[in-house]
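The values are calculated or read from the model by the stated rules, or taken from the named source; none is laboratory data. Quick caveat, the model's predicted, so the values are computed rather than measured. For neighbour counting, all protein chains shown are included, and Cβ atoms are generated from backbone atoms with ideal geometry for every residue, glycine included.
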Amino acid sequence: MDFAFDARTEELRAKLLAFMDEYVYPAEAVAEEQRAQLASPWDTPAVVEELKAEARRQGLWNLFLPNTEYGAGLTNLQYAPLAEITGRSPQLAPTALNCAAPDTGNMEVLSQFGDEQQKKQWLEPLLAGEIRSAFAMTEPEVASSDATNITTYIERDADEYVVTGRKWYISGAMNPDCKIFIVMGKTDPDGEDIRRQQSMILVPRDTPGVTVKRAMQVFGYEDHYHGGHAEVIFDHARVPAANLIGEEGGGFAIAQARLGPGRIHHCMRLIGMAERAIELMCRRAVSRTAFGKALAQQGVVHNWIADARVQVEQLRLLVLKTAWLMDTVGNRGAHTEIQSIKIATPRAVVDIIDRAIQLHGAGGLSQDFPLAELYAGARTLMIADGPDEVHQRSLARRELKRYA
């Protein structure tokens with residue numbers, strides 16, 4: 001593996017770093033002020049739309065999508081360092097570039113598995129940033145870390161499907177611009193192969209029988225920037241049979257294809273979050289005095305900063321290796337590395353942000369610094385896309401097979 005960035009990556013990195021300095025970081029405080037004036041906390045601040053327009057003007061748009069017909073055509077290895085940069089302002093930067101989850105995963109699903117009508121109706125406006133979307137899989141009644149457990153029923157009725165079930169922590173669903181759900185449910189609950197029981201289907205938000213019931217809190221707050229995490233009820237919601245994505249029974253395989261790139265995107269953004277936390281930690285250390293000397297002169301602070309730098313450098317190399325493998329041998333060939341970064345990255349970044357919070361004292365818990373939100377986001381990713389323990393279980397089994 002060549003660790004040097006190629007010319008295109010370097011060019012995009014330079015443009016993106018300048019975009020962050022000139023537009024994104026100054027917009028963080030503006031977005032907060034504007035949000036406080038909105039009629040609904042789920043509405044989008046005007047400055048976010050301005051960021052999107054500027055990013056598109058500069059060609060910093062849909063960078064995540066390797067398909068050249070729809071996206072920038074970057075490889076995973078090329079996109080990885082760009083995703084890291086956006087992670088330094090996770091509330092604004094990914095959205096500004098139209099590279100925010102869950103839209104990214106949904107666009108990947110539609111570009112790979114959607115038919116021409118589905119692409120025209122839903123993929124094209126998503127690519128243009130005109131609408132938002134949500135991915136509805138997790139359910140409160142079952143352990144959704146095992147996707148074969150889901151109980152939402154997708155029943156064929158002539159030329160329609162009827163969707164019945166209860167989902168929660170459906171990211172983005174509170175956003176009024178969220179117009180479409182990709183719903184995971186069972187079309188064949190009694191099927192012999194438990195991984196062929198599930199299917200995915202497109203359910204427009206305004207479909208009768210679809211109710212966005214409430215916003216789910218995360219550590220006691222509502223995630224307004226990402227469109228919230230909602231509980232959604234599907235009460236015999238009817239959609240055309242043509243809304244099925246791919247074939248009946250293909251839902252599990254589609255989900256696996258969707259989650260591989262999603263995990264590496266999350267991990268690279270997490271590294272950007274860690275870099276932001278280290279920067280804040282260092283600035284705080286050189287500007288504050290306690291017990292007669294600067295925090296930067298305290299031995300424990302040296303340890304925190306040094307450990308954080310070592311962890312970030314290790315993680316970045318592992319994530320870049322994973323991206324390279326995904327490009328060269330495919331997601332299946334990079335399975336072990338994808339699981340490794342999913343286990344290691346959130347855990348380490350939570351630790352780094354926690355130290356930064358500790359160094360900031362009460363300020364680290366407040367809205368005056370981004371650390372509390374960064375912490376909540378990083379801690380959430382120890383559960384999202386499959387809890388760490390699920391990946392540890394699978395990874396250990398692969399290791400043990402070599403000795404069986």
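Scan the stretch 231-242 and report the pairs whose first residue is in contact (Cβ under 8 Å) with a residue 24 or more places away in the chain and whose second residue is of a type in the set (F, W, Y) and surrounded by 17 or more Cβ atoms within 10 Å (Cβ to Cβ), with Cβ atoms within less than 7 Å and a gap of 6+ or a chain change.
E231/W168; V239/Y161; A241/Y161
Regarding the stretch 337-345, can at least one residue be identified that is in a helix (DSSP H, G or I), at pLDDT 95 or above, farther than 22 Å from E389 by Cα and not assigned by TED's automatic domain parsing to the domain that holds T95?
No - not one qualifying residue is present in the stretch 337-345.
Within the stretch 368-404, track down each residue that is assigned to a loop (DSSP other than H, G, I, E, B) and free of Cβ contacts under 8 Å to residues at least 60 places away in the same chain.
Once the filter is applied, which keeps residues that are assigned to a loop (DSSP other than H, G, I, E, B) and free of Cβ contacts under 8 Å to residues at least 60 places away in the same chain, the stretch 368-404 yields D368, M382, I383, R402, Y403, A404.
Out of all the residues in the stretch 113-127, is one or more more than 22 Å from E248 (Cα to Cα), among the acidic types (D, E) and in the same structural domain as L74 (by TED's automatic domain parsing)?
Among the residues of the stretch 113-127, not one is more than 22 Å from E248 (Cα to Cα), among the acidic types (D, E) and in the same structural domain as L74 (by TED's automatic domain parsing), which makes the answer no.
Only one of P102, P66, P90 is of a type outside the set (V, I, T), buried (at least 19 other Cβ atoms within 10 Å of the Cβ) and closer than 26 Å to A7 by Cβ; which?
Residue meeting the stated conditions: P66.
Given the structure, is D159 modelled with pLDDT of 95 or more, in contact with a helix residue (DSSP H, G or I) (Cβ under 7 Å, 6 or more places away or on another chain) and exposed (fewer than 15 other Cβ atoms within 10 Å of the Cβ)?
yes
When you look at R316, is it touching a residue at least 24 places away in the same chain (Cβ under 8 Å) and either buried (at least 22 other Cβ atoms within 10 Å of the Cβ) or within 27 Å of the chain's Cα centre (by Cα) (or both), yes or no?
The answer is yes for R316.
Consider the stretch 284-305. How many of its residues are assigned to a helix (DSSP H, G or I) and more than 28 Å from the chain's Cα centre (by Cα)?
Counting residues in the stretch 284-305 that are assigned to a helix (DSSP H, G or I) and more than 28 Å from the chain's Cα centre (by Cα) gives 12.
Answer with yes or no whether G129 is part of a loop (DSSP other than H, G, I, E, B) and either out of contact with any helix residue (DSSP H, G or I) (no Cβ under 7 Å at 6 or more places or on another chain) or of a type in the set (A, V, I, L, M, F, W, C) (or both).
Spelling it out, it is not the case that G129 is part of a loop (DSSP other than H, G, I, E, B) and either out of contact with any helix residue (DSSP H, G or I) (no Cβ under 7 Å at 6 or more places or on another chain) or of a type in the set (A, V, I, L, M, F, W, C) (or both).
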